[in-house]
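The values are calculated or read from the model by the stated rules, or taken from the named source; none is laboratory data. As the structure is a computational prediction, the values presented were derived from the model and not from experiment. A quick note on method: Cβ atoms are made from the backbone with ideal geometry, for glycine too, and the neighbour counts reach across all protein chains shown.
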């Protein structure tokens, strides 16, 4: 069973990019002129250290290739130029890249916990900082077959508890929204809403293919941002599914 995830942000047309591959390639080859003496490649190398989970590259469009490459992140050369010449832009868009990295980590962790393997995953950030994304996940049915009966019971119980907690949190969130409507102070967003979204998508999928639009991906990024704003840092946070006590 396979799952394909595609998304874009700010009405970015992935198909249009695919039709103009040759034109993009020609533009990419043009040298980037900046007021900074640092070369684009050197600057990209510095950015790479900020997002080690991703593989940064210069590009002018979203790669649609099913090339078995995972977590590639192409950045438009004009955006790199803006970042090199403007410290505020550099700060803003470096954080954008980190947000993408955190969202990718979350999705990868969740899919891995569900027994799915990433076949390829590509991101692209255009000259205005808008992003688009495509990914393909393949579900391995042998994952559950390898589990002992006890382990299978453990994971089923964990999933059931997670769903119950999610339902409770959703109820609390709805109550807080109601309080806001009546003039009371609003509460925080529902924890694990990104996981809830992915769970709903997987449950609704009939053929194993999952599509995430720009709104879905924004939800995941915002959820990870909210989690990062909590008491623990990204470095200290456990990976999704890490608390599943599975013994094969």
(request) Kindly establish whether residue 101 is under 17 Å from the mean Cα position of the chain (by Cα) and in a helix (DSSP H, G or I). (result) yes
(request) Could you tell me which residue of the range 85-110 is surrounded by the fewest Cβ atoms within 10 Å (Cβ to Cβ), considering only residues that are in contact with a helix residue (DSSP H, G or I) (Cβ under 7 Å, 6 or more places away or on another chain) and without any contact (Cβ under 8 Å) to a residue 24 or more places away in the chain? (result) 89
(message) I need the full set of residues from the range 36-51 which are in contact with a helix residue (DSSP H, G or I) (Cβ under 8 Å, 6 or more places away or on another chain), in a loop (DSSP other than H, G, I, E, B) and exposed (fewer than 14 other Cβ atoms within 10 Å of the Cβ), in order please.
(response) 36, 38
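Residue-by-condition table, conditions (1) at pLDDT below 90; (2) surrounded by fewer than 20 Cβ atoms within 10 Å (Cβ to Cβ):
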site	(1), (2)
53	no, yes
59	no, no
72	no, yes
83	no, no
112	yes, yes
(message) Of the conditions (1) within 14 Å of the chain's Cα centre (by Cα); (2) closer than 19 Å to residue 227 by Cα, residue 72 satisfies every one except a single condition; which number is it?
(response) (2)
